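Trainee: Just passing along the structure, written as structure tokens.
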Ligand code: ARG
Ligand code: GLU
């Protein structure tokens, strides 16, 4: 009887949990799919088993997935061909480019393997195995001890366990914390170091739409580039050598030539960076109401100034475009995040969850230790609010949006190297900087920086909590009636590092002369005093709250998992290998509007603005379109370009494969829709969509546009039977 009862309860819980699962939400650990997700994935149409996705016994999908810088990439041929986004390969393509061979502007296609170009510093990291080490890492901790004691024990355990993890000579291992320090997993990795550029479309395809279209659906960007992994004679990682051979992978992804339809299962397999899905209301409120507005306002101003100068002058445009893109990317994401939270009533949702949590905790004596958790969290969030605001104000005003801070940092490194390591070290470092100094200032203009500095200074001064503005600035600004421009000008005029010429003369000085010169360098003194203040009056004073919050968030996470046993929990993204899955579907971003799930090459032509830096189209592509020379890559007479689905992705998932029900590549993840970027703190199936380039657009560009059919010959193209349209 008891036995049956227990089973009934389990069945009941199982049914509730199925109802509570929102297909789409979740960033899952591949080794746990069998128990957590396989059934749901199959009910959404997946025809594979969990073992096909992640296996330690046989080649599985995971063996085709590699971390690629901060992005993801995947192997698409038995000869180690590696696919990722254009924006992920960007820096490497830029490094290989010159004025005569501008691969960013014109694209590049190696005609054979000998022409493939080695990318110094680029690596591809595969995961051999994942191990749950929670029990051994948590050995010796208990729920009575202080969090600081707990942390110390865990740290010690990790140090002991790490060297004992079984691995081959060519493998590495690291241990990461999951669920805010409640679980621990080890990752055993293999990292290949000889990666070569095989092909990239021109920016007018790979970055089509640029910043205007970034985060936006409908989208028409062919955001891909192709590399190849090379290995030693034993197929293991080797430093670059002309004798290295194309890598033979344990698995490579076949390519689906029949595409997707609404409702089709998709999964995205990759290395998502960071999410915060389990914050309570106050945690989310602080992001949305305090931090995002500060960051957005300061970047708004920066971007307006940059845009003005970039439009006025072509050279400026080239110099500042990478800087602009980086500043604009996060700026636009934060705006979308705030709008999405508002649209989906995210704060109310979090509030309801907090209320339900409190209700359950109060009604169950077993949960008495969790009684004060939310009020304690709220207390520390409130106490740290001004500190966090100030941190954002300082970072965005004086560090992230201007380049001058990099040059201050160079000077700082020189002075410190002398203090810490002596004059010999100082001289070596100084001479090294002197050699490349033109390179450092290549994409920089003093007047533009000064203008940004002065404008941001005003926003900073008017917005930053008064008691957290450093005294030197207050005194000096007040003395000149808050004339931000005059003040900034006096800093820049007196400085030794505001342009390449001044820096060159400065780098000729000996250490004592340098120190002497810095005594009158107002910009140097400004940054020195600012940094001292940030350390003593902001970081040190807020650290007690930051630590308390991090400890409380661990307990809160543990509490959530105990208090809501019917919910399925997935760990926040932490740059480790994960699976997310969902279905191809459009969405309605607002009343009366509805987006389809797919775009076509026709949309590129609609957006085409001849000569425009964002929306120009290469002549060859126009010709192919006009002749409808589509080869075998068309669908109903049109070239499919991009599609969206409800996969729960985030930054770091760029370059991740979109995989169909059978394990074939159907697309390449590269973005999310603006309306749904709040999925990092509050996923909502109604509007959260990831954006993928259709695999057939990639092949069409490689074959028809670039004439690199030999690459297609390496790949395995498959034609899974098309499901009947509903
Ligand atoms: N939004 C995408 C991501 O977060 C693409 C960024 C690169 N493209 C750009 N136009 N800035 O990384
Ligand atoms: N573009 C992002 C990346 O570089 C992916 C978009 C997102 O944040 O989801 O990882």
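Trainee: Would you mind pulling out the separation of the Cα centroids of segment 251-314 and segment 29-93, in Å?
Mentor: 21 Å
Trainee: Report D for the chain in µm² per second (integer): Stokes-Einstein, Kirkwood Rh on Cα pairs, 10 °C, 1.306 mPa s.
Mentor: This corresponds to a translational diffusion coefficient of 57 µm²/s.
Trainee: Same structure again: For segment 464-590, what is the convex hull volume of the alpha-carbon atoms per residue, in Å³?
Mentor: Values: hull volume 40.0 nm³, N = 127.
Spelled out: Cα convex hull of segment 464-590, divided by residues, is 315 Å³.
Trainee: Counting helices only, and only those DSSP H runs with n ≥ 4, report the 222 nm mean residue ellipticity of the chain as the sum of -39,500 (n - 2.57) divided by its residues, in deg cm²/dmol to the nearest 500.
Mentor: On the way: 28 runs with 323 residues, N = 726.
Taken over the chain, the calculation gives -13500 deg cm²/dmol.
Trainee: On each of the three principal axes of the Cα atoms of segment 256-411, give max minus min coordinate, whole Å, ordered largest first.
Mentor: Taking the Cα atoms of segment 256-411, the three principal extents are 68, 54, 30 Å.
Trainee: With no solvent and one equal point scatterer per Cα, compute the Debye intensity ratio I(q)/I(0) for segment 586-726 at 0.12, 0.19 Å⁻¹ and report its log10, rounded to two decimals.
Mentor: These q points yield log10 I(q)/I(0) values of -0.58, -1.30.
Trainee: List 678, 46 from most exposed to least, where exposure is judged by having the fewest other Cβ atoms within 10 Å.
Mentor: 46, 678
Trainee: Oh, and also: Just order 201-212, 295-306 by mean Cβ neighbour count inside 10 Å, highest at the front, would you?
Mentor: 201-212, 295-306
Trainee: Something else now. Mind ranking 540-549, 612-621 by how tightly packed they are, going by the mean number of other C-beta atoms within 10 angstrom, highest first?
Mentor: Per-residue mean Cβ counts within 10 Å order the peptides as 612-621, 540-549.
Trainee: I need the shape label for segment 118-277. Rule: rounded when a/c is under 1.5, else prolate if a/b > b/c, else oblate, with a, b, c from the alpha carbon gyration tensor.
Mentor: In terms of gyration-tensor shape, oblate.
Trainee: Let me understand segment 261-325 better: what is its radius of gyration from the alpha carbons, and its Dmax, in angstrom?
Mentor: Over segment 261-325's Cα set, Rg and Dmax evaluate to 18.9, 48 Å.
Trainee: Mind jotting down the three principal axis lengths of segment 474-521 based on Cα atoms? Whole angstrom, largest first.
Mentor: Extents along the principal axes, in whole Å: 38, 20, 10.
Trainee: Take the Cα gyration tensor of segment 201-265, multiply each eigenvalue by 5, square-root it, and list the three semi-axes largest first, rounded to whole angstrom.
Mentor: Equivalent ellipsoid of segment 201-265: 34, 20, 9 Å, largest first.
Trainee: Could I ask something else about it? So if the hydrodynamic radius of segment 595-641 is defined as the Kirkwood radius over C-alpha pairs, what does Stokes-Einstein give as its diffusion coefficient at 4 °C and 1.567 mPa s, in µm² per second?
Mentor: 113 µm²/s
Trainee: Return an integer: the convex hull volume of the alpha-carbon atoms of segment 347-453, in Å³ per residue.
Mentor: 197 Å³
Trainee: Turning to a different aspect of this structure: If you build the convex hull over the alpha carbons only and average its shadow over all orientations, what do you get for segment 438-537? Give it in nm² to one decimal.
Mentor: That works out to 7.2 nm², a quarter of the Cα hull's surface.
Trainee: So for the pair residue 132, residue 590, with labels modelled 7 Å out along Cα→Cβ, what separation do we get in nm?
Mentor: The modelled label-to-label distance comes out at 4.6 nm.
Trainee: With the alpha-carbon atoms as the only input, what is the per residue convex hull volume for segment 145-234 in Å³?
Mentor: That works out to 177 Å³ per residue.
Trainee: What order do you get for 60, 686 when you list them from fewest to most C-beta neighbours inside 10 Å?
Mentor: Fewest-to-most Cβ neighbours within 10 Å comes out as 686, 60.
Trainee: Run the quick spin-label model on residue 329 and residue 355: label points 7 Å from Cα toward the beta carbon, then report their separation in nm to one decimal.
Mentor: Simple spin-label model gives 4.0 nm for this pair.
Trainee: What ranking, highest mean first, results for peptides 659-669, 143-153 when packing means the other Cβ atoms within 10 Å averaged over each residue?
Mentor: Answer by packing, highest mean first, reads 659-669, 143-153.
Trainee: Another one. Distance between Cα centroids, segment 471-490 to segment 495-535: provide it in whole Å.
Mentor: 19 Å
Trainee: For segment 184-331, restrict the atom set to alpha-carbon positions and state the Rg and Dmax in Å.
Mentor: Looking at segment 184-331, its Cα Rg and Dmax stand at 21.5, 58 Å.
Trainee: Separate question: How large is the translational diffusion coefficient of segment 90-154 in µm² per second when you combine the Kirkwood radius over alpha carbon pairs with Stokes-Einstein at 37 °C and 0.692 mPa s?
Mentor: 193 µm²/s
Read the figures in this text as sums done on the coordinates, not as results from a lab. Because the structure is predicted, anything quoted here is derived from the model rather than measured. Here the Cβ is made from the backbone with ideal geometry for all residues, glycine too, and neighbour counts use every protein chain on show.
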